[in-house]
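Engineer: Just dropping this structure here.
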Amino acid sequence: MAHITQGTLTLRNATSDEVSQAFDIIVGRIQWMDLKGIRQWNVTRYLERFPYSYYVEKQQSGELYLLFDRSTLLATAVLKTADDRWPAEAHRQPALYLHNFATVPGHPGSGLRFLDLAEQLTATLGYSFLRLDCAVDNPFLNDYYHALGYSPAGTCTHGLYQGILRQKKMAPKAPKS
């Protein structure tokens, strides 16, 4: 089981008993988007493309991750080693691909903490990049990822979703002596 711990925070693979909690975060985020008037997952048939069974599969393959602060669940995401949204040549450099990323509302900074630990995990596992995509029509989120060092690297379309591919180069880990 891959994991990274920093202080009271732990990013680790979800267990089979935790899949429903991860899915509940996604559903909760979609409801939050409705309340906030954000048109993203709630208008792109997200739960049809990523039903509960998808998260079960990702947990079984070791790709479903959870962020905890002690025992409090803060965020979830899928971390994949390949992504068909990216051009074939991008796969020449090893990367982790962040998908289905959502935080629990009411815990400010959880997304940033998840990304920080995901970047550490990416580098520790020897991957060159952490990659993600972000909705083209969400300037707030695009500015957020840009400020964190995720550079635009192209675009993608997946069903009703149109995204900007973003990546961040990981610093190589120094060998332990």
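Read-outs throughout are calculated quantities, based only on the coordinates presented, and are distinct from any laboratory measurement. None of the values given here were measured: they were computed from a predicted structure. Virtual Cβ from ideal backbone geometry, glycine too; neighbours counted across all protein chains shown.
Engineer: Compute the length gained on full extension between S61 and D137: take 0.36 nm times their separation in residues and subtract their Cα-Cα distance, giving the result in nm to one decimal.
Structural biologist: 24.2 nm
Engineer: Let me ask you something else. When Lys and Arg each count +1 and Asp and Glu each count -1, what net charge do the other residues less than 14 Å away from R85, Cβ to Cβ, add up to?
Structural biologist: Here the charged neighbours net out to 0.
Engineer: Let me ask something else. Below 10 angstrom from the Cβ of V19, what's the summed charge of the other residues (Lys, Arg +1; Asp, Glu -1)?
Structural biologist: -3
Engineer: For the chain, I need the span (max minus min coordinate) of the C-alpha atoms along each principal axis, in Å, sorted largest to smallest.
Structural biologist: Here the spans come out as 52, 38, 29 Å, largest first.
Engineer: What value, in deg cm²/dmol to 500, does the helix sum -39500 (n - 2.57) over DSSP H runs of n ≥ 4 give at 222 nm once divided by the residues of the chain?
Structural biologist: Only helices count here, giving -9500 deg cm²/dmol.
Engineer: Sum up the lysine pairs in the chain that clear both bars: alpha-carbon distance under 30 Å and a spacing of 8 or more or different chains.
Structural biologist: 12
Engineer: Say R0 is 30 Å: what FRET efficiency, to the nearest 0.05, do R45 and Q6 get from their beta-carbon distance?
Structural biologist: The computed FRET efficiency comes out at 0.25.
Engineer: Which net charge results for the neighbourhood of G159, defined as the other residues with beta-carbon distances under 12 angstrom from its beta-carbon, given Lys and Arg at +1 and Asp and Glu at -1?
Structural biologist: +2
Engineer: Based on the inverse mean of 1/r over its pairs of different Cα atoms, what is the Kirkwood hydrodynamic radius of the range 1-93, in Å?
Structural biologist: Taking every pair of different Cα atoms in the range 1-93, averaging 1/r and inverting gives 14.7 Å.
Engineer: Give me the one-decimal nm value for the distance between modelled label points at D24 and D69, 7 Å along each residue's Cα-to-Cβ direction.
Structural biologist: Inter-label distance under the simple model: 1.8 nm.
Engineer: Here's a follow-up. Starting from the Cα gyration tensor of the range 81-125, multiply each eigenvalue by 5, take the square root, and state the resulting semi-axes largest first in whole Å.
Structural biologist: 25, 13, 6
Engineer: Counting alpha carbon pairs within less than 8 Å and at least 6 residues apart, what relative contact order, in whole percent, applies to the range 55-177?
Structural biologist: 20 percent
Engineer: Counting DSSP beta bridges in the chain, what percent are antiparallel, to the nearest 5?
Structural biologist: Beta bridges within the chain, antiparallel portion: roughly 90 percent.
Engineer: Turning to a different aspect of this structure: How high is the relative contact order of the range 3-131, in percent, with contacts defined as C-alpha pairs under 8 Å that are six or more residues apart?
Structural biologist: 27 percent
Engineer: Packing-wise, with mean Cβ within 10 Å as the measure, how do 70-82, 139-151, 50-62 rank, highest first?
Structural biologist: Taking the mean over residues of other Cβ atoms within 10 Å, the ranking is 70-82, 50-62, 139-151.
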